[in-house]
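Written out below as structure tokens is the structure these notes cover.
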Amino acid sequence: MTDKNFFDYTLLAPGPVSLHPEVRRILSLPMIHHRTPEFDTILHRVLCALKKVFHTEQPVYLHSSTGTGGMESLLINTLSPGDQVLAIVSGKFGERWSQMAQTFGYNVTEHHVEWGQSVNPNQIDQLMTKNPHFKAVLCQACETSTGAAHPIQELGQLIKNKSNCLFLVDGITALGAYPLPMDDFGIDGLVGGSQKAFMLPTGLSFVSFSKKAWNFIPHAKTPRFYFDIRLEDRANKNGETMFSSSVSLIRALDYILQNGFENQLQDIHRRAQFTRLFMPLLGMPLFAKHPSDSITALVVPSHLDGQKIRAHLEKKYNITIMGGQDQAKGKIIRIGHMGYINDADLVRCVQKIGLTLNDIDPTFMPIEKINSVTEESKQWLEKNL
Ligand SMILES: *Cc1c(COP(=O)(O)O)cnc(C)c1O
């Protein structure tokens, strides 16, 4: 941490992300108390704006927690120990949610999807027909460890008609990055997180429950206190949060939501397109069959080590991307498209990844190739504003 470069590097991770400069300024403002008219106004505006981000008629709630806390909130507010739950597991975050559900005593069936692939809704349909007792289906909208997007709309369609089953979705790397309309897609519980597309530090999660889910909430027997959404709902209706509000983060969130947040979907899509076009030209094809716009995972050439590429890029070129986890460790690298990123960052990322490959294996990646791909990528950005 004494390395001066740590204070100014290009962060292209799938969360936390590079902060919006105005967010950095707002976070340094003097504290105000959360039980003040000034803060009440901000809270009200934020809760209204979040409904637009979720595309829901239902209230959206804030938890002072990382995204995982919001995932927990969706489970414990709707389910009881012993309930049958179908968890779609296609990577690290699917594993986490399944483990969490098991911890709370639910009877979890895991449906495994090969890393990098997206779930096939027909298979879920078959599983639900075979076992009509599932109380919930859990799925990531985007599985961040592989960069794969799941067919949330199709899954929602399936589950909508089953009155005794909820569709709970981890939208942490989808909300604000690409369209995920909660009501239209038939999502019953949806969670987002502040350190992803919202361009804030870690520390807030956002959750909402459908009308159908609200029928489950009074009957859920999982012990809950901090995340009890009934308490939060009551407090929000009085214009407050149940416990101390994360004033600084909520003030910064207010700025983000009031300043063109919806428009950034196009920017994120453009960055994803750019990455999908130019990284394969550097010899690294896409890992996910149906890649999400929020993050791109790339397959590292088999004779090279992704961990080494990641570390070299950070140390020598001041750019931070992520490697693969577990079974994908060393085999993929992951580039995030959310956060405060400009075109110069994108071009630099192409060029420096090229140079990193050249530093490690000059015959695999000659300088002329890097120069031509970098130039082509620059022209693409100018043509596709
Ligand atoms: C980042 C992320 C989370 C939340 O992780 P936290 O560290 O708890 O914020 C959950 N699910 C997905 C898909 C994520 O990308």
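Computed values, structure above
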{"item": "Entirely in region 94-203, the strands (runs of 3 or more DSSP E) that have 3 or more residues that are aliphatic (A, V, I, L, M)", "result": "134-140, 166-170"}
{"item": "Leading residue by the ranking (nearest to PHE93 (Cα to Cα)) among those in region 122-165 that are in contact with an Asp or Glu (Cβ under 6 Å, 6 or more places away or on another chain) and surrounded by fewer than 24 Cβ atoms within 10 Å (Cβ to Cβ)", "result": "LYS135"}
{"item": "Any hit, region 301-315, residues being part of a strand (DSSP E or B), modelled with pLDDT of 95 or more and under 21 Å from ASP359 (Cβ atoms)", "result": "no"}
{"item": "Residue in region 303-321 that is crowded, with 18+ Cβ neighbours inside 10 Å and aromatic (Phe, Trp, Tyr) present", "result": "yes"}
{"item": "Qualifying residue in region 245-254 (condition: out of contact with any Asp or Glu (no Cβ under 6 Å at 6 or more places or on another chain), within 16 Å of the ligand (Cβ to nearest atom) and under 25 Å from SER294 (Cα atoms))", "result": "yes"}
{"item": "Output for region 6-38, where each listed residue is more than 16 Å from the ligand (Cβ to nearest atom), among the polar types (S, T, N, Q) and within 27 Å of the chain's Cα centre (by Cα)", "result": "THR10, SER28"}
{"item": "Long-range neighbours under 9 Å by Cβ, at least six apart or interchain, first residue farther than 18 Å from MET338 by Cα within region 245-265, second buried (at least 18 other Cβ atoms within 10 Å of the Cβ) and of a type in the set (Phe, Trp, Tyr)", "result": "SER245/PHE39; VAL247/PHE39; ILE250/PHE39; ARG251/PHE39"}
{"item": "Flag if GLY336 is at pLDDT 95 or above and either out of contact with any Lys or Arg (no Cβ under 8 Å at 6 or more places or on another chain) or of a type outside the set (Gly, Ala, Ser) (or both)", "result": "yes"}
{"item": "Residue in region 168-184 that is over 30 Å from GLU22 (Cβ atoms), free of Cβ contacts under 8 Å to residues at least 60 places away in the same chain, away from the ligand (no atom under 16 Å from the Cβ) and more than 13 Å from the chain's Cα centre (by Cα) present", "result": "no"}
{"item": "Every residue from region 136-153 that is in contact with a helix residue (DSSP H, G or I) (Cβ under 8 Å, 6 or more places away or on another chain) and either within 21 Å of PRO81 (Cβ to Cβ) or of a type in the set (A, V, I, L, M, F, W, C) (or both)", "result": "ALA136, VAL137, LEU138, CYS139, ALA141, ILE152"}
{"item": "Residues of region 52-83 that turn out to be within 14 Å of the ligand (Cβ to nearest atom) and either acidic (Asp, Glu) or part of a loop (DSSP other than H, G, I, E, B) (or both), as a count", "result": "4"}
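The values are calculated or read from the model by the stated rules, or taken from the named source; none is laboratory data. Everything numeric in this text was worked out from a predicted model, so none of it was measured. Neighbour counts are summed over all protein chains in view; Cβ atoms, including those assigned to glycine, are modelled from backbone coordinates with ideal geometry.
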